[in-house]
1. Of V263, L323, P279, which is farthest on the positive side of the dipole of segment 240-384, counting Cα position, with +1 on Lys and Arg Cβ, -1 on Asp and Glu Cβ, and the Cα centre as origin?
2. Given the peptides 86-96, 49-59, 275-285, arrange them by the average over their residues of other C-beta atoms within 10 Å, most packed first.
3. Would segment 124-234 count as rounded, prolate or oblate if I go by the C-alpha gyration tensor, calling it rounded below 1.5 in a/c and otherwise prolate when a/b exceeds b/c, oblate otherwise?
4. Near K156, which aspartates and glutamates are there with a Cα under 14 Å away, not counting those fewer than 8 places off in the same chain?
5. Given the Cα atoms of segment 238-381, and with Rh set as the inverse mean 1/r over their pairs in the Kirkwood sense, what is Rg to Rh to two decimals?
6. Collect residues whose amide H, placed 1.01 Å from N in the peptide plane, falls under 5 Å from the amide H of G126; neighbours closer than 5 in sequence don't count.
7. Over what distance in Å are the Cα centres of segment 172-205 and segment 111-158 separated?
8. Quickly work out the R140-to-R278 label distance, labels modelled 7 Å from Cα along the C-beta direction, and quote it in nm with one decimal.
Amino acid sequence: MSLDHRLPAELEELRRTVEAFAHDVVAPKIGEYYERHAFPYEIVQEMGRMGLFGLPFPEEYGGMGGDYLALGIALEELARVDSSVAITLEAGVSLGAMPVYHFGTEEQKREWLPKLCGGEVLGAFGLTEPDGGSDAGATRTTAVRDGGDWVINGSKCFITNSGTDITGLVTVTAVTGRKDDGSPLISSIIVPSGTPGFTVGAPYSKVGWNASDTRELSFSDVRVPAANLLGEEGRGYAQFLRILDEGRIAIAALATGLAQGCVDESVRYAKERKAFGRPIGSNQAIQFKLADMEMRAHTSRLSWRHAASRLVHGEPFKKEAALAKLYSSEIAVDNAREATQIHGGYGFMNEYPVARMWRDAKILEIGEGTSEVQRMLIARELGV
Ligand SMILES: Cc1cc2nc3c(=O)[nH]c(=O)nc-3n(C[C@H](O)[C@H](O)[C@H](O)COP(=O)(O)OP(=O)(O)OC[C@H]3O[C@@H](n4cnc5c(N)ncnc54)[C@H](O)[C@@H]3O)c2cc1C
């Protein structure tokens, strides 16, 4: 037995393909979308054609027959160049399509997955509410059975991919009843875009991820057929815990990409930029920064790939996913800060990719479970 650090040939090929796409297609265009706070439909369409939205799904549903390792590889390469397109893919796959794949009926899978896998339609996952995200069990949105329908009332906030022209569905968590002890029964329900009473707010004005779509949603007597329930009634809490555990691996891969992108940009700049008559990279202070940044990105990659490998092999992966998410998001912030520092004043100018990376890094410590939540999960896994 040996521990093989190499990617299998098909994953290495995927990595190279996405690397070239990010370099040739995303890099030249994304800055302009970002400045205009515009959603990059053209790029997302191309990602759909490449099969990226179908990476971890079986071919019978229109997927590529890969797994979470493949998804992570693609996310890392995209985020090396830009995080808005990477989070659009991450949310579309991990939060939009994965709940349907894991918990949907055969009919729901046949209806939604081919479109989601092809990237023609984007899915979203509405868990967070204005009164709380970390305490997701405190959901206030309700869904009440009325004849053959669910009637949904409430609101959700910060929902990625929920208001684009190609958004097809949002899976929302809602309280559908009470257990004997009075605690809420939380269920997941598919709400197709355009359902009467389902209103999508204007895009938020965000610090980063400016070419991705994030909205507030409100539900006022929204009626959907009873058949839109995802899985069993009352299983919503367990379902989103599973979805978030997996999603953390994807976010960790994305964060690793951002951290590596900071190294790429900074090494290039350190060789070009001259101060006191020589390249700034000839100073040991800069070299040590670069070495530390590379060390962090490398360790982060090992961490997310380890968690993904456990998931793919059917082993417990909750703790490893939390460790990877916590570490990678914190080092992404560190690397983005150092990359900006190495770029001096130019690092504060939006035309430089590191400025975008700096603005995009912070949310990684917040979304899909804050750093505090990850530490809580890790401590719980340690038995304390
Ligand atoms: C750009 C963006 C995109 C997003 N996309 C989605 C999406 O697609 N779907 C979705 O459902 N949500 C989404 N979110 C929401 C995100 O997951 C939440 O913002 C996040 O989980 C934190 O929840 P909160 O904002 O309510 O913070 P809170 O839960 O109010 O936390 C505030 C602070 O208190 C800390 N805290 C809370 N409880 C404890 C505790 N017990 N111990 C110690 N510290 C604690 C937190 O760590 C945090 O620092 C998105 C958010 C953003 C900004």
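The values are calculated or read from the model by the stated rules, or taken from the named source; none is laboratory data. It should be emphasised that the depicted structure is a prediction, and the values quoted were computed from it without experimental measurement. Note that we place each Cβ from the backbone using ideal geometry, even for glycine, and neighbour counts take in every protein chain shown. Note: accessible area is taken over every heavy atom of the protein model, side chains too, but ligands, DNA and RNA are not part of it. Shrake-Rupley method; radii C 1.70, N 1.55, O 1.52, S 1.80 Å.
1. P279
2. Highest mean packing first, the order is 86-96, 49-59, 275-285.
3. oblate
4. E129, D131, D135, E216
5. Rg/Rh for segment 238-381 comes to 1.07.
6. When sequence neighbours closer than 5 places are left aside, the close amide H contacts are T171, V172, T173.
7. 5 Å
8. According to this spin-label approximation, the distance is 6.2 nm.
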